[in-house]
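Presented below is the structure to which this report refers.
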Amino acid sequence: MAGDLPEYYFRIRENGAAVFRVDTENRQRRIEMDQIAVVNIKNGEIKPQGERKLSADDLRAIEDWMTRRIAQLAQRDVDDILRTVDHLNLTTQWVQSKATDAQLEEVTDALLLAMHDLRSVLVRKKAERILKSAPEDAG
């Protein structure tokens with residue numbers, strides 16, 4: 001088992017992770033984790049723990065993890081939105097086939113306002129993208 005463990009462990013936090021070096025090469029053959037840094041994904045900051053100096057290998061491993069984590073979080077954002085599209089479709093079906101008048105009274109205004117707000121932002125962003133990609137007039 002010890003041979004299968006990674007050299008670093010990243011304990012996920014709100015905006016990044018606490019970084020540990022994993023050590024199994026000790027007399028008791030126990031897994032020891034020594035915190036070496038704290039990482040902030042939002043601003044890219046890597047703070048060594050205490051008076052520690054991070055090696056080039058440490059920094060490379062942390063930066064690689066940050067790159068993978070940022071990509072993973074971006075993909076999750078898209079997945080969440082696609083789930084929202086599915087949920088909107090399920091909501092439409094519920095409104096059409098199952099919702100009672102009382103249930104509709106409870107949710108209609110909130111749904112209409114949220115959908116209006118979303119539609120306004122989507123239309124504006126789409127127009128911005130179209131204008132940005134359109135060739136400029138020569139005249």
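The values are calculated or read from the model by the stated rules, or taken from the named source; none is laboratory data. Everything quoted here is computed from the prediction, not taken from an experiment. Neighbour counts are summed over all protein chains in view; Cβ atoms, including those assigned to glycine, are modelled from backbone coordinates with ideal geometry.
Below is a table of values for the structure above.
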| quantity | calculated |
| --- | --- |
| Answer residue from the range 1-39, given it is among the small types (Gly, Ala, Ser) and in a strand (DSSP E or B) and is farthest from Ile70 (Cα to Cα) among those | Ala37 |
| Residue count, the range 44-66 (criterion: of a type in the set (S, T, N, Q) and surrounded by 13 or more Cβ atoms within 10 Å (Cβ to Cβ)) | 1 |
| Of all residues making up the range 40-63, the number that are more than 21 Å from the chain's Cα centre (by Cα), of a type in the set (A, V, I, L, M) and part of a helix (DSSP H, G or I) | 2 |
| Enumeration of residues in the range 61-91 that are under 20 Å from Arg119 (Cβ atoms) and polar (S, T, N, Q) | Thr84, Asn89, Thr91 |
| Sole exception among (1) of a type in the set (A, V, I, L, M, F, W, C); (2) within 19 Å of Ala56 (Cα to Cα); (3) modelled with pLDDT of 95 or more for Ile12, by number | (2) |
| Pick from the range 67-125, criterion assigned to a helix (DSSP H, G or I) and among the basic types (Lys, Arg), ranking: surrounded by the most Cβ atoms within 10 Å (Cβ to Cβ) | Arg69 |
| Which listed residue is at pLDDT 95 or above and in contact with a Pro (Cβ under 6 Å, 6 or more places away or on another chain), from Leu54, Leu90 | Leu54 |
